[in-house]
1. Going by Cα centres, the stretch 64-92 and the stretch 1-45 are how many Å apart?
2. For the stretch 3-81, what is the convex hull (Cα atoms) projected area averaged across all directions, in square nanometres?
3. Label residue 88 and residue 73 with points 7 Å out from Cα along Cα→Cβ: what is the distance between them in nm?
Amino acid sequence: MLLINCPWCGERTQSEFAYVGDANVVRPDPDTVSDQEWINYIYIRSNPKGVHDELWQHIAGCRCFVKVRRDTVSHEIIGTAAPAGKIDGREA
Ligand SMILES: [Zn+2]
């Protein structure tokens, strides 16, 4: 069973969470970005093998977003934090 430590609720099963996406994507300014850069922001994502920072939402709990550092090969969760927080441990 995969456990995710919500910074607000504590350790909960993964089934209480929904995967949202890559935690490293930064929204560009729509007034200054090119159409191609906007398309890349909306649709293009990397699919890394190994340690990756992801956003999850605690949908069956506090409904807050949680940044999760996870190994995409072993599914090991290395750490969690608030979306703007820092995760200690292996770097993504
Ligand atoms: Zn929570």
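1. Spelled out, the Cα-based centre of one part sits 12 Å from the other.
2. Computed as one quarter of the Cα hull surface, the answer is 5.8 nm².
3. So the two model labels end up 2.6 nm from each other.
Since every read-out is calculated from the coordinates, none of them should be taken as a lab result. On a predicted model such as this, the values are computed, not experimentally measured, just so you know. Neighbour counts run over all protein chains shown; Cβ positions are idealised from the backbone, glycine included.
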